[in-house]
Every structure is written in C-alpha cells, then in structure tokens.
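Written out below as structure tokens is the structure these notes cover.
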Amino acid sequence: MFHKNGFFNVDYVCGRLQATSSASQLIEMRHLRAYTTYEVYVEACTRAGCTQSPSTSLTTSTDLPVNLSAPVVVNVTSTSVYLTWTDPLVPNGRILRYCLSSVINYHQLYCCA
C-alpha cells in the first residue's frame, strides 16, 4: 500500500515480510518487536532469476517492559520486610533499575534498586 509520503508499507508476520509490490525502493517495516535484532537484505528478481544483497543488521528501539508480576513477601519482621520479584516476561530492553513504591499512613515510600 502506498502512502502520500512515498513510503511503502511492509508487514512482518510470522517471521516473514509480507509485501505485494516492488515499485518502491523505500519501505517501512511494521509490526516488529521492540529491542529485537533483525537481519535485512534486498532481493532483486528478473525472469532469469533472483539475487540477494549482503544483509544489514538493525535493532529496534526499547519499549516499556511487559508482564511484570507483583512482588512476593518472603519474610516480615517487626521493623522490616523482605520482598522478591521476577524479571518482566517481555523486558523490551535492558532493565536499568527496579523501583518499589508503597503507601503507609498516607505517606508514599519510594525506593529504587
């Protein structure tokens, strides 16, 4: 599908690029995963056959982590609490820090690790 800006849209579905036209040399790859490395190459075909360019490696940008589970209480004493948690199922990038937030007696406690 062509857009007014001249971009040619290509969908990435089930590990394969889906396109129906070869009229443009500028494409937009959509529906890619965040923080994922892809190898991309161009294939040009004539009636005699096809040839491939060398590949180029690209990595998509990071995004918000997805599926972060709730913290689990491990131990509670009279003056402290021990908590644990697991990494998000889909980190969408390198996790830079974890922050815990709690409200006690209308005061917010905030801690980053």
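Please find the FRET efficiency linking residue 82 to residue 103, where r is the Cβ-Cβ separation and R0 is fixed at 22 Å, and quote it to the nearest 0.05.
Rounded to the nearest 0.05, the efficiency is 0.70.
Which FRET efficiency value, to the nearest 0.05, is calculated for residue 41 and residue 96 with the Förster distance at 30 angstrom and r the Cβ-Cβ distance?
E(calc), rounded to 0.05, equals 0.35.
Taking 0.36 nm per residue of sequence separation and subtracting the Cα-Cα distance, how much length would be gained by fully extending the chain between residue 55 and residue 27, in nm to one decimal?
8.5 nm
None of the figures in this text is laboratory data; all of them are computed from the coordinates on show. Keep in mind it's a predicted model, so treat the numbers as computed, not measured. Cβ coordinates were reconstructed from backbone atoms using ideal geometry, including for glycine residues, and neighbour counts include every protein chain displayed.
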